[in-house]
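Following: one structure in structure tokens, then a few remarks.
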Amino acid sequence: MIVSRLQVEDAQLDSPLGRTSPVAKLAIAIVWLVGLALTLHPVPPLILAGVALAAGLALGGIPPLQLGRTLAPVWLAAVAIGVSNMVFSMANGDPTTATLLRLGPVRIAEPAFIAGVGIMLRVAAIAAVGGVFALTTDSTRLADALVQQARVPARFAYGALAAYGAIPRFAEDLATLRQARRIRGLRAGWHPRLFVGLLVLAIRHADRMAVAMDARAFGSGARTPYRQVRWTWMDAAVGTGAVAILAIALLAGR
């Protein structure tokens, strides 16, 4: 099992999207998510997913292969969610609905197909927006922006950053525990004791991190930021364009 953070290259951080405030990009992602929740039409998620991918490639400097590898697992999950909603929809049991497809005993009604495709496209669009955000945002700058621009408490923001940075350590801890089991002549496969060991190590890492943050006086009062994050015209341009694109997508799906 390999657990690692997404690798964000310098070219992606120096791109127009990379220089945009992480708070602005996070707000755009949330607004688009709310907009997708307000419609069942398949056109809006198609538009938003296409715009997100085009922006990531053209304005974010994301290599196409890296973007594809990042989104492929989530898009496969989106297809599985859409197909399962088609197959198990209540509309398939309604004889008054039009039959679109029949595979043996499985009947797919037209409303079930439309609903399944709509859900699949919405999940794919959300994955595209999230993937572009993650591949053009530095985690440290995100924490700085949350504290300075969104007024999030420093203890929470940098604590979340520390937790995010600790994710790859789980893979190292798991490898260490498996090697220890091999040395003892035990099987290195999955075993409930591995989870207990991971929990113990996670608590130890969290305790050390908490002591380190307390030693640096996190949460004790006002702090002077080392890295300044300021609003720029790029943030306003990206935010205005994102709202306009969302409005166009929702109007296209009416």
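The values are calculated or read from the model by the stated rules, or taken from the named source; none is laboratory data. Values in this document were obtained by computation on a predicted structure and should not be read as measured data. Note that each Cβ is placed from the backbone with ideal geometry, even for glycine, and that neighbours are counted across all protein chains shown.
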Hits in segment 30-52 (condition: surrounded by 21 or more Cβ atoms within 10 Å (Cβ to Cβ) and under 15 Å from the mean Cα position of the chain (by Cα)): Trp32, Ala49, Ala52
Any hit, segment 102-110, residues being modelled with pLDDT of 80 or more and among the small types (Gly, Ala, Ser): yes
The one condition in (1) in contact with a helix residue (DSSP H, G or I) (Cβ under 8 Å, 6 or more places away or on another chain); (2) modelled with pLDDT of 85 or more; (3) in a helix (DSSP H, G or I); (4) of a type outside the set (Asp, Glu) that Val152 fails to fulfil: (3)
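A quick yes/no check of all residues on (1) part of a loop (DSSP other than H, G, I, E, B); (2) touching a residue at least 12 places away in the same chain (Cβ under 8 Å); (3) not assigned by TED's automatic domain parsing to the domain that holds Leu161:
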residue: Leu40; (1), (2), (3): yes, yes, yes
residue: Leu46; (1), (2), (3): no, yes, yes
residue: Gly50; (1), (2), (3): no, no, yes
residue: Ile81; (1), (2), (3): no, yes, yes
residue: Met86; (1), (2), (3): no, yes, yes
residue: Leu100; (1), (2), (3): no, yes, yes
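Against the definition (surrounded by 17 or more Cβ atoms within 10 Å (Cβ to Cβ), in the same structural domain as Gly82 (by TED's automatic domain parsing) and in contact with a Leu (Cβ under 7 Å, 6 or more places away or on another chain)), how does Ala24 come out, yes or no?
In short, no.
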Residue match in segment 224-239 (condition: among the aliphatic types (A, V, I, L, M), surrounded by 12 or more Cβ atoms within 10 Å (Cβ to Cβ) and assigned to a loop (DSSP other than H, G, I, E, B)): yes
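If you take the residues of segment 168-215 that are basic (Lys, Arg) and either at pLDDT 75 or above or in contact with a Cys (Cβ under 6 Å, 6 or more places away or on another chain) (or both), which of them is farthest from Tyr158 (Cα to Cα)?
Of all residues in segment 168-215, those basic (Lys, Arg) come to 169, 178, 181-182, 184, 187, 193, 204, 208.
If we keep only those that are either at pLDDT 75 or above or in contact with a Cys (Cβ under 6 Å, 6 or more places away or on another chain) (or both) too, we end up with 169, 178, 181-182, 184, 193, 204, 208.
On the way: Arg169: 17, Arg178: 31, Arg181: 35, Arg182: 37, Arg184: 39, Arg193: 31, Arg204: 18, Arg208: 14 Å.
Checking each candidate, the answer is Arg184.
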